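*Asks:* After the structure tokens below, expect a handful of questions from me.
The values are calculated or read from the model by the stated rules, or taken from the named source; none is laboratory data. None of these values were measured; they are calculated from a predicted model. With ideal geometry, Cβ positions are generated from the backbone for all residues, glycine too; neighbour counts draw on all protein chains shown.
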Amino acid sequence: MTTFANKTSKSNVPEKSLITKLNMGTGLIAGIIFSESMYWLSKSWFDMNEAREINKILTLSMIAWCIGFLIGIGAFIGPFRWLIGKDLTDEEQLYMAGSGQGISRYFKYCTDHKVVGIQYLVGVMTMLGAGGTMAMMIRTNLIKPGSKFVTPEIYNSLVGLHGITMIVALIVVATGPFGNFILPIMIGARDMAFPRLNALSWWLLFTAIVTLCSTWFFGGIPTGWTAYAPLSVQAGPGMNAFIITIIIFAISSAIAGANITATVVSMRAKGMTLNRIPIFVIGSTISVALAIPAFPTFMASQIMAAFDRTIGTGFYDANVGGSGWLYAHLFWIMGHPEVYVILLPGVAALMEITPVFVRKPLFSINAAIIGFAGIAGLSILVWAHHMYASGWSPSLNGPFMVTTEMISIPTGLIFLVILGTLWRGTPWLKMPMLCVYAFLWNMMIGGVTGIYLSDVPVDDYLHGSMFVTAHFHYTLMGAALTGAVGGLAFWFPKMTGRMLHERASYISFWFTQIGFNVIFLGMFAAGSQGQPRRVADYEQAFATSDLISTIGAYLTGFGMLVLLWAVIHSWRKGKIAPMNPWGSKSLEWTVPNPIPLENFHELPVVTSDAYGYGRSN
Amino acid sequence: MNTSNSLPPTIGERARKFIKRHDVRMSFLYSTLITALFVFLGLWFYPKFMPEVMSEQMQNGKEVIVYFTVISAPVAGLVLGIALYTFLNRHKGDTPPPDGPAIRTNNPVVLVWTVVSSLFCLIAISWGLVEMNVASSEAAEREPNAIVVEVTGSQWVWNFNYPDYGISSDKLNLPIDRPVVFRITSVDVNHSFWPVQLGVKVDANRHAVTTVRTTPNVLGGIDIRCAELCGLYHAYMESEGEIMTASNFNSWVTAEGGHTA
């Protein structure tokens, strides 16, 4: 940057405003001060020698951390001004949008949707890295029977933390980075509908992640990510961090969901009628709209767990008339919609990619929308298929089996749309397109094994076994994460202005995908043989299957490291990307690199959908 | 070009032309190969890895997996076969490929696809419902001479109580060909009672009794595992048992100090 530019940008800075002084550092300091003072304060109120009292102290300290951090980073400046009957000045608003600041705006409470998108991207990649490292440790412990790589205590914590870290990361993996960065440009908007809420959703997620990390210092979460109730009420102080994390994350995702939905409904460019909305926008919107009713039940379940643990209520305590089944219901009423919250944006990203690289229109966009809507609608009626074997009501297993298996029909439509787009095409097999093929293979296996598991007699055998673990990894990692990686490779040039390193991404793709299939085919075998999930140790009979899985895990781990290298390297000194490297017809490729603050100099007018490829026969 | 071409082609002509196309034939070939692969997996992979079948429930579960795999093989074959053909028929080079045909949709194809997948779904649903129904009605019929076993899970052991015989054991021994009713509960957190070779499973909940029925029909050892994460030593919450002849069972009961009424 030249001195001149510095000067001009300086002139925009509101000189005496508090906003200019606040960033992540002040947030961390305020958060630590708040939580420490709450800790010392509550220690004088409660007795440190009793488990329940410790839970109170930690819960209060963690809440104080979140509030302190948000105050410290300046999240409440706007609402505070409203309270005293004012608002931010125009200059302050411009400053808050990151105008004229370099890298530092990524560490601030920044309202620019592109900054939030990058924050999400880095956050998600950090979470995936942490979760992946934990997966490697889990697989290393399972390399042979009786291996004592970690103690059972740490193993259980690893399983739980790997699970929840990956679930949180995958929920935001596509809607976070691409939904914030790309989606507004895709519909021709200057920003999201509620830019300050957008920043709030990211920084809430950040406080949640920090809270989740703190669980290591309090003994971990020995319950698995499902945190089933009697076990979670019995668990040590680390569980408090899990509860607070989920509560904050539920708030964050509700805010993000409302924001994306409002943006898509009200901020579309002129001429972008409902039938011209790109499929990624539709998929993401349906996904976040599905999250809005789903997550509050999870939040409620955790609030009740917090009450059970701190003030001794008995929602889940059978001794005083509560029930663990209540927890299971609340959890899975969120839990099953949530897997589709994860899956839909990934699939939608791949549907966005396919027409560009095959140079054909998306085949039957109506079928795609019906497929998404059908999945979303049915997904709220199937939760109890996770509870076939729980014994809460065997007579209701039949109805839930019916609704569950019906999901195969809209899922079939999704296959049809991608397949119809490929049909008679000559695809350009760049990294994003490779991910489409990997998705078809993985989702086919994940889907078919899902039909076995939805069948009650089979589930009576396979429930709670490694087979289930393999099944949902095929859908969540093999399909959803692959979709997000495809999306990253596709939009990387627009998000960073540079091309993703091609050779490294191919190497990463093949290692990851082959390794992935090796892991989980081994795990299907182990599950069929009868190995339960979440076991720190196992019998000799499962040794071969588990060894194969571990080898596959190392291949995948290597592939992921290569991808990480490719992203970091390309971001810093990759080839400069042209404005539209893939020749796409979608709006996000019409803006220059780097993208100006409000995206468009002149708002576009849309006259057709984004899939006008192809010759008329 | 002869004059007959001026008329619109009949469905038969279009079909003949369709199946003569190179991409159609190759896609069909790949689809067949992939279908064969999945059928092979269904008939070989699962039967090879699943443990010995020692009850009707286990038999049912195993059959469903095998048949569902075989039924779904053509669907997987079709999708992956077409995908494989396009994958091999890829565009090489560093510029975007030439435009393909602008097929926006094809309503008959969408319709047929939806109807066929709904039929597959219907088959799967009816199969499961019929099997569940048969299992429960058979269990109800055989109730009278059933042997009751009270299973209690605690961190991290299983206990088996035989109220009819006045014994309690950490081993689950059962007489062959006699229906058994498991009444399962827990004294602490959730566990899941899984006698692997019998193919049934149900959670153990505190202050609640869950029930599951089966009839062991093959002699031999069985493994009992816990299928619900229940704390520190979840992995080691295992017990053994044996399906034995009626006389062996009676002598085991006597040896344990029980009474064979």
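*Asks:* Check whether at least one residue in region A:566-581 is more than 14 Å from every other protein chain (Cβ to nearest Cβ), in contact (Cβ under 8 Å) with a residue 60 or more places away in the chain and closer than 20 Å to A:Leu350 by Cβ, and report yes or no.
*Replies:* yes
*Asks:* Just checking, does region A:539-550 include any residue being within 14 Å of chain B (Cβ to nearest Cβ), out of contact with any His (no Cβ under 7 Å at 6 or more places or on another chain) and of a type in the set (Phe, Trp, Tyr)?
*Replies:* Of region A:539-550, the ones within 14 Å of chain B (Cβ to nearest Cβ) are A:539-546, A:548-549.
Add one more test, that the residue is out of contact with any His (no Cβ under 7 Å at 6 or more places or on another chain), and what stays is A:539-546, A:548-549.
Right, trim to of a type in the set (Phe, Trp, Tyr) and you get A:542.
Yes, that holds for at least one residue.
*Asks:* Continuing with the same structure: Scanning region A:90-109 for residues that are of a type outside the set (S, T, N, Q) and farther than 19 Å from A:Thr26 by Cα, which turns out surrounded by the fewest Cβ atoms within 10 Å (Cβ to Cβ)? Explain how you work it out, then say what you get.
*Replies:* Of region A:90-109, the ones of a type outside the set (S, T, N, Q) are A:90-92, A:94-98, A:100, A:102-103, A:105-109.
Add one more test, that the residue is farther than 19 Å from A:Thr26 by Cα, and what stays is A:90-91, A:94, A:100.
Values: A:Asp90: 10, A:Glu91: 16, A:Leu94: 17, A:Gly100: 18.
Selected residue: A:Asp90.
Let's see how each residue does on (1) touching a residue at least 60 places away in the same chain (Cβ under 8 Å); (2) of a type in the set (A, V, I, L, M, F, W, C); (3) more than 23 Å from A:Val339 (Cα to Cα):
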{"site": "A:Lys144", "(1), (2), (3)": "yes, no, yes"}
{"site": "A:Ile154", "(1), (2), (3)": "yes, yes, yes"}
{"site": "A:Gly160", "(1), (2), (3)": "yes, no, no"}
{"site": "A:Ala169", "(1), (2), (3)": "no, yes, no"}
{"site": "A:Asn180", "(1), (2), (3)": "yes, no, no"}
{"site": "A:Pro184", "(1), (2), (3)": "yes, no, yes"}
{"site": "A:Leu197", "(1), (2), (3)": "yes, yes, yes"}
{"site": "A:Trp202", "(1), (2), (3)": "yes, yes, no"}
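*Asks:* Ok, one more. Test each condition in (1) more than 13 Å from B:Ile82 (Cβ to Cβ); (2) outside any loop (DSSP other than H, G, I, E, B); (3) within 7 Å of chain B (Cβ to nearest Cβ) for A:Ala438 and report the one that comes out false.
*Replies:* Unmet condition: (3).
*Asks:* Check whether at least one residue in region B:56-78 is at the interface with another protein chain (Cβ under 8 Å from one of its Cβ atoms), assigned to a helix (DSSP H, G or I), in contact with a strand residue (DSSP E or B) (Cβ under 7 Å, 6 or more places away or on another chain) and modelled with pLDDT under 90, and report yes or no.
*Replies:* Within region B:56-78 (the criterion being at the interface with another protein chain (Cβ under 8 Å from one of its Cβ atoms), assigned to a helix (DSSP H, G or I), in contact with a strand residue (DSSP E or B) (Cβ under 7 Å, 6 or more places away or on another chain) and modelled with pLDDT under 90), the answer is yes, since at least one residue qualifies.
*Asks:* Looking at (1) in the same structural domain as A:Ala193 (by TED's automatic domain parsing); (2) out of contact with any Gly (no Cβ under 9 Å at 6 or more places or on another chain), which one does A:Met136 not meet, given that it meets all the others?
*Replies:* All conditions are met except number (2).
*Asks:* Follow-up question, since we're still on this one. Just the residues that are assigned to a loop (DSSP other than H, G, I, E, B) and more than 10 Å from every other protein chain (Cβ to nearest Cβ), please, taken from region A:228-260. Don't jump to the end; show me each part of the working.
*Replies:* Restricting attention to region A:228-260, the residues satisfying the condition of being assigned to a loop (DSSP other than H, G, I, E, B) are A:228, A:235-237.
Scanning region A:228-260 gives A:Gly236, A:Pro237.
*Asks:* Taking A:Gly283 as meeting all but one of (1) touching a Gly at 6+ places or on another chain (Cβ under 8 Å); (2) buried (at least 24 other Cβ atoms within 10 Å of the Cβ), write down the number of the exception.
*Replies:* The single condition A:Gly283 does not satisfy is (1).
*Asks:* Quick check: is even one residue across region B:92-104 of a type outside the set (A, V, I, L, M), within 21 Å of A:Leu440 (Cα to Cα) and more than 7 Å from every other protein chain (Cβ to nearest Cβ)?
*Replies:* No, region B:92-104 contains no residue that is of a type outside the set (A, V, I, L, M), within 21 Å of A:Leu440 (Cα to Cα) and more than 7 Å from every other protein chain (Cβ to nearest Cβ).
*Asks:* Moving on. Can you pull out the residues in region A:446-468 that are more than 7 Å from chain B (Cβ to nearest Cβ) and over 21 Å from A:Ser545 (Cα atoms)? Give the steps one after another, and end with the answer.
*Replies:* Narrowing region A:446-468 to residues more than 7 Å from chain B (Cβ to nearest Cβ): A:446-447, A:449-450, A:453-454, A:459, A:462, A:466-468.
Residues satisfying the conditions are A:Gly447, A:Ser454.
*Asks:* Scan region A:383-393 and tell me whether some residue there is in the same structural domain as A:Lys430 (by TED's automatic domain parsing) and within 27 Å of A:Gly179 (Cα to Cα).
*Replies:* Of all residues in region A:383-393, those in the same structural domain as A:Lys430 (by TED's automatic domain parsing) come to A:383-393.
Within this subset, residues satisfying the condition of being within 27 Å of A:Gly179 (Cα to Cα) are A:383.
Within region A:383-393, one or more residues are in the same structural domain as A:Lys430 (by TED's automatic domain parsing) and within 27 Å of A:Gly179 (Cα to Cα).
One line per residue, one yes/no per condition, for (1) assigned by TED's automatic domain parsing to the domain that holds B:Asn248; (2) modelled with pLDDT of 90 or more; (3) under 27 Å from B:Val64 (Cα atoms):
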site: B:Ser136; (1), (2), (3): no, no, yes
site: B:Ser154; (1), (2), (3): yes, yes, no
site: B:Phe160; (1), (2), (3): yes, yes, no
site: B:Pro163; (1), (2), (3): yes, yes, no
site: B:Ser169; (1), (2), (3): yes, yes, no
site: B:Leu174; (1), (2), (3): yes, yes, yes
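Yes/no matrix, rows are residues, columns are (1) facing chain A (nearest Cβ under 7 Å); (2) in a strand (DSSP E or B); (3) on the phi < 0 side of the Ramachandran plot; (4) in contact with a Ser or Thr (Cβ under 7 Å, 6 or more places away or on another chain):
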position	(1), (2), (3), (4)
B:Val181	no, yes, yes, yes
B:Ile184	no, yes, yes, yes
B:Val189	yes, no, yes, no
B:Gln197	no, no, yes, no
B:Val200	yes, no, yes, yes
B:Thr211	no, yes, yes, no
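*Asks:* Might you let me know whether region A:261-271 holds any residue that is without any contact (Cβ under 8 Å) to a residue 40 or more places away in the chain, within 14 Å of chain B (Cβ to nearest Cβ) and not hydrophobic (A, V, I, L, M, F, W, C)?
*Replies:* No: region A:261-271 contains no residue that is without any contact (Cβ under 8 Å) to a residue 40 or more places away in the chain, within 14 Å of chain B (Cβ to nearest Cβ) and not hydrophobic (A, V, I, L, M, F, W, C).
*Asks:* Can you find, within region A:601-617, the residue that is nearest to the other protein chains (Cβ to nearest Cβ) among those that are in contact (Cβ under 8 Å) with a residue 24 or more places away in the chain and surrounded by fewer than 17 Cβ atoms within 10 Å (Cβ to Cβ)?
*Replies:* The first filter runs over region A:601-617 and keeps only residues in contact (Cβ under 8 Å) with a residue 24 or more places away in the chain, leaving A:603-614.
Those left that are additionally surrounded by fewer than 17 Cβ atoms within 10 Å (Cβ to Cβ): A:603, A:605, A:607-608, A:612.
Working: A:Leu603: 27, A:Val605: 22, A:Thr607: 16, A:Ser608: 12, A:Gly612: 8 Å.
In this case the residue turns out to be A:Gly612.
*Asks:* May I ask you to verify whether A:Ala349 is crowded, with 24+ Cβ neighbours inside 10 Å, facing chain B (nearest Cβ under 9 Å) and among the small types (Gly, Ala, Ser)? It would help to see each step written out before you state the result.
*Replies:* Details: crowded, with 24+ Cβ neighbours inside 10 Å: yes; facing chain B (nearest Cβ under 9 Å): no; among the small types (Gly, Ala, Ser): yes.
No; evaluated as a whole, the condition is false for this residue.
*Asks:* May I pose another question? Within 30 Å of B:Thr95 (Cβ to Cβ) and not in a helix (DSSP H, G or I) - does that describe any residue in region A:395-418? If you could, list the steps in order and put the result at the bottom.
*Replies:* Going residue by residue through region A:395-418, those that are within 30 Å of B:Thr95 (Cβ to Cβ) are A:414-418.
Within this subset, residues satisfying the condition of being not in a helix (DSSP H, G or I) are none.
Checking region A:395-418: not a single residue is within 30 Å of B:Thr95 (Cβ to Cβ) and not in a helix (DSSP H, G or I).
*Asks:* Of these, A:Ala373, A:Ala367, which one is surrounded by fewer than 20 Cβ atoms within 10 Å (Cβ to Cβ) and either in contact (Cβ under 8 Å) with a residue 40 or more places away in the chain or assigned by TED's automatic domain parsing to the domain that holds A:Ala291 (or both)? Lay out the reasoning, then the answer.
*Replies:* On the way: A:Ala367 fails: surrounded by fewer than 20 Cβ atoms within 10 Å (Cβ to Cβ).
None of the other options fit; the residue is A:Ala373.
*Asks:* Now a separate question. Looking at region A:278-298, which of its residues are more than 16 Å from A:Ser379 (Cα to Cα) and touching an Asp or Glu at 6+ places or on another chain (Cβ under 8 Å)?
*Replies:* Passing the criteria: A:Pro278, A:Ile279, A:Phe280.
*Asks:* Quick check on my filter: what residues within region B:246-257 are part of a loop (DSSP other than H, G, I, E, B) and closer than 11 Å to B:Asn173 by Cβ? Walk me through it before giving the result.
*Replies:* Kept after step one, since they are part of a loop (DSSP other than H, G, I, E, B), are these residues of region B:246-257: B:256-257.
Correct list: B:Glu256 only.
*Asks:* Which residues, counting only those in region A:535-571, are part of a helix (DSSP H, G or I) and either β-branched (Val, Ile, Thr) or in contact with a Pro (Cβ under 7 Å, 6 or more places away or on another chain) (or both)?
*Replies:* Of all residues in region A:535-571, those part of a helix (DSSP H, G or I) come to A:540-571.
Matches in region A:535-571: A:Gln540, A:Ala543, A:Thr544, A:Ile548, A:Thr550, A:Ile551, A:Thr556, A:Val562, A:Val567, A:Ile568.
*Asks:* For residues that are assigned to a loop (DSSP other than H, G, I, E, B), more than 7 Å from chain A (Cβ to nearest Cβ) and either touching a residue at least 60 places away in the same chain (Cβ under 8 Å) or among the aromatic types (Phe, Trp, Tyr) (or both), tally how many sit in region B:213-237.
*Replies:* So the count comes out to 4.
*Asks:* Among A:Gly412, A:Gly398, A:Gly420, A:Gly425, which is the only one that is small (Gly, Ala, Ser), closer than 30 Å to A:Tyr611 by Cα and either surrounded by fewer than 20 Cβ atoms within 10 Å (Cβ to Cβ) or in contact with a Gly (Cβ under 7 Å, 6 or more places away or on another chain) (or both)? Walk me through it before giving the result.
*Replies:* Working: A:Gly412 fails: either surrounded by fewer than 20 Cβ atoms within 10 Å (Cβ to Cβ) or in contact with a Gly (Cβ under 7 Å, 6 or more places away or on another chain) (or both); A:Gly398 fails: closer than 30 Å to A:Tyr611 by Cα; A:Gly420 fails: either surrounded by fewer than 20 Cβ atoms within 10 Å (Cβ to Cβ) or in contact with a Gly (Cβ under 7 Å, 6 or more places away or on another chain) (or both).
The match here is A:Gly425.
*Asks:* Name the residue, out of A:Tyr120, A:Tyr155, that is surrounded by 21 or more Cβ atoms within 10 Å (Cβ to Cβ), farther than 23 Å from A:Val288 by Cα and aromatic (Phe, Trp, Tyr).
*Replies:* Details: A:Tyr120 fails: farther than 23 Å from A:Val288 by Cα.
The unique qualifying residue is A:Tyr155.
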